[in-house]
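Structure first, then comments.
The values are calculated or read from the model by the stated rules, or taken from the named source; none is laboratory data. Here the structure is a predicted model, which is why all the values come from computation and not from measurement. FYI the Cβ positions are ideal-geometry reconstructions off the backbone, even for glycines, and counts take in every protein chain you see.
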Amino acid sequence: MYVLGIETSCDETSAAVVKDGVDVLSNVIASQIDIHSKFGGVVPEVASRRHVELILPTVQEALDKASCTLADIDVIGAINRPGLIGALIVGAASAKTIAYGAGIPLVAVHHLEAHIYANFLTGTLISFPLVCLIVSGGHSDIVLMSDHGDYRILARTRDDAAGEAFDKCARAMGLGYPGGPLVDKLAREGDPHKVDSPRGRVGDTLDFSFSGLKTAVIRYTQAMPDGVAMADVAASFQQAVVDVLVDHTFQAVEETGVKQVLLAGGVAANSALQAAFRTRAAEVGVAVSMPPPVLCTDNAAMAASATYFGYERGQTAGLDMDCYASEPLGKR
Ligand code: KG4
Ligand code: ZN
């Protein structure tokens, strides 16, 4: 089964063709980073307008690269929630138009579900039940997934998302946008134990809190003491985030007794987080999966994979499919 996936939830216009939910035939990602970086972050209205310009050429390129035409596509899926509303509408309206014009069934995809399904594109065998840490610019959730489409949120962030903390701290360190990859790179040259960095805990829950750490980094950089390099600040901040993410996730693994753990979302591209996840999984003897960096950050191949598995469960959307800026995954 050939699925055309569409993703426009933030600042990437992406279209992909995926076979049987697991084989990526094409995954075209038109990034808008250059346009937004001069503003230090994504400008929603600018993003929407750029999606309008890019979406049809991006879809065409994805079909061409997969050596397909619309006649070969069996299902079309678009991320319709959560995300920047104007940006989502461009992808969803395009998907509806193509679905109606070409007579192809349509599926509405949850953004975080798509991030999870990036793991099904890696060729790794994945077994249920599993625990997945989803960390992106807008979310930091620990999810218990008992089967395809069955989600229970075990933890979320009480304030900033992990990616948001990376981006805001990167700005305080004088790095560009998006901050995550730049902090990741700079941290390799720094000492992760040099700068005292708070690890937030919310009572006895597994919820996250990154605002204290963010404030500490901003204050620290404003009064940069002699003998400390910015790379030390980056490494110490990153270590604090990684420690908290790994500790909470593996506590959830222990409490639920699952034998499989997944990493997903843009921050999952972080090299220190990936390494710490692999090490801890090996220590406790659970199977681990994480997408390669290009499938961690927003892309349409993950949307196409989630579409395939959703369609298999009988999910389809009508032409009245709407978009939502926020909507949780599963039930808490
Ligand atoms: O999933 P995503 O592409 O978009 C959202 O759904 O938000 O995630 C983007 C976030 C940004 O905050 C970005 O700084 C972060 O992922 N990110 C990283 C890395 N690559 C992207 N954070 C840490 N290390 C990275 N290598
Ligand atoms: Zn995302």
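Criterion applied to Asp184, Asp160, Asp150 was being of a type in the set (Asp, Glu), more than 16 Å from ligand 2 (Cβ to nearest atom) and closer than 30 Å to Pro225 by Cα, and the one residue passing it is Asp184. Among the conditions (1) within 16 Å of ligand 2 (Cβ to nearest atom); (2) out of contact with any helix residue (DSSP H, G or I) (no Cβ under 8 Å at 6 or more places or on another chain), the only one that Ala269 does not satisfy is (2). For Val107, the conditions (1) crowded, with 24+ Cβ neighbours inside 10 Å; (2) touching a His at 6+ places or on another chain (Cβ under 9 Å) are fulfilled apart from (2). Contact annotation: residue pairs with Cβ atoms under 6 Å, 6 or more positions apart or on different chains, pairing a residue in the range 276-302 that is within 19 Å of Val246 (Cα to Cα) and modelled with pLDDT of 95 or more with a partner that is among the hydroxyl-bearing types (Ser, Thr, Tyr) and not in a helix (DSSP H, G or I), are Ser289/Thr124; Pro291/Thr122. Mind checking which residues of the range 255-280 are away from ligand 1 (no atom under 12 Å from the Cβ), crowded, with 22+ Cβ neighbours inside 10 Å and β-branched (Val, Ile, Thr)? Correct list: Val261 only. Note on the range 285-332: among residues that are surrounded by fewer than 23 Cβ atoms within 10 Å (Cβ to Cβ) and among the acidic types (Asp, Glu), the one that is farthest from Ala269 (Cα to Cα) is Asp320. Within this structure, Gly190 passes the test of being assigned to a loop (DSSP other than H, G, I, E, B), crowded, with 19+ Cβ neighbours inside 10 Å and of a type in the set (Gly, Ala, Ser).
Per-residue answers, yes or no, for (1) within 23 Å of Ser140 (Cα to Cα); (2) in a helix (DSSP H, G or I); (3) among the hydrophobic types (A, V, I, L, M, F, W, C); (4) within 16 Å of ligand 2 (Cβ to nearest atom):
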| residue | (1), (2), (3), (4) |
| --- | --- |
| Met302 | yes, yes, yes, yes |
| Ala306 | yes, yes, yes, yes |
| Asp320 | no, no, no, no |
| Ala325 | yes, no, yes, yes |
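The conditions of being closer than 21 Å to Leu186 by Cβ, outside any loop (DSSP other than H, G, I, E, B), at pLDDT 95 or above and touching a Cys at 6+ places or on another chain (Cβ under 7 Å) are met by Ala268. Within the range 117-136, restricting attention to residues that are buried (at least 24 other Cβ atoms within 10 Å of the Cβ) and of a type in the set (Gly, Ala, Ser), the residue that is nearest to ligand 1 (Cβ to nearest atom) is Ser136. Ile33 passes every criterion in (1) surrounded by fewer than 20 Cβ atoms within 10 Å (Cβ to Cβ); (2) within 16 Å of ligand 2 (Cβ to nearest atom); (3) closer than 23 Å to Tyr151 by Cβ apart from (3).
In the range 283-299, of all residues being within 10 Å of Leu262 (Cβ to Cβ) and assigned to a loop (DSSP other than H, G, I, E, B), the one that is farthest from ligand 2 (Cβ to nearest atom) corresponds to Met290.
Total residues in the range 208-232 satisfying the condition of being part of a loop (DSSP other than H, G, I, E, B), over 21 Å from Val135 (Cα atoms) and of a type outside the set (Gly, Ala, Ser): the figure is 4. Tallying residues that are part of a helix (DSSP H, G or I), in contact with a helix residue (DSSP H, G or I) (Cβ under 9 Å, 6 or more places away or on another chain) and hydrophobic (A, V, I, L, M, F, W, C) within the range 55-92 yields 12. Being of a type in the set (A, V, I, L, M), within 15 Å of ligand 1 (Cβ to nearest atom), within 29 Å of Ile33 (Cβ to Cβ) and touching a helix residue (DSSP H, G or I) at 6+ places or on another chain (Cβ under 7 Å), is that true of even one residue in the range 190-208? For the range 190-208, residues of a type in the set (A, V, I, L, M), within 15 Å of ligand 1 (Cβ to nearest atom), within 29 Å of Ile33 (Cβ to Cβ) and touching a helix residue (DSSP H, G or I) at 6+ places or on another chain (Cβ under 7 Å): absent. Is it fair to say Leu273 is outside any loop (DSSP other than H, G, I, E, B), touching a strand residue (DSSP E or B) at 6+ places or on another chain (Cβ under 9 Å) and either on the phi > 0 side of the Ramachandran plot or among the aliphatic types (A, V, I, L, M) (or both)? So Leu273 passes the test. Entry remark, the range 57-71: residues being farther than 10 Å from Val28 by Cβ and surrounded by 14 or more Cβ atoms within 10 Å (Cβ to Cβ) number 2 in total. Of all residues in the range 16-30, those that are within 16 Å of ligand 1 (Cβ to nearest atom) and either under 14 Å from Asp72 (Cβ atoms) or more than 15 Å from the chain's Cα centre (by Cα) (or both) total 4.
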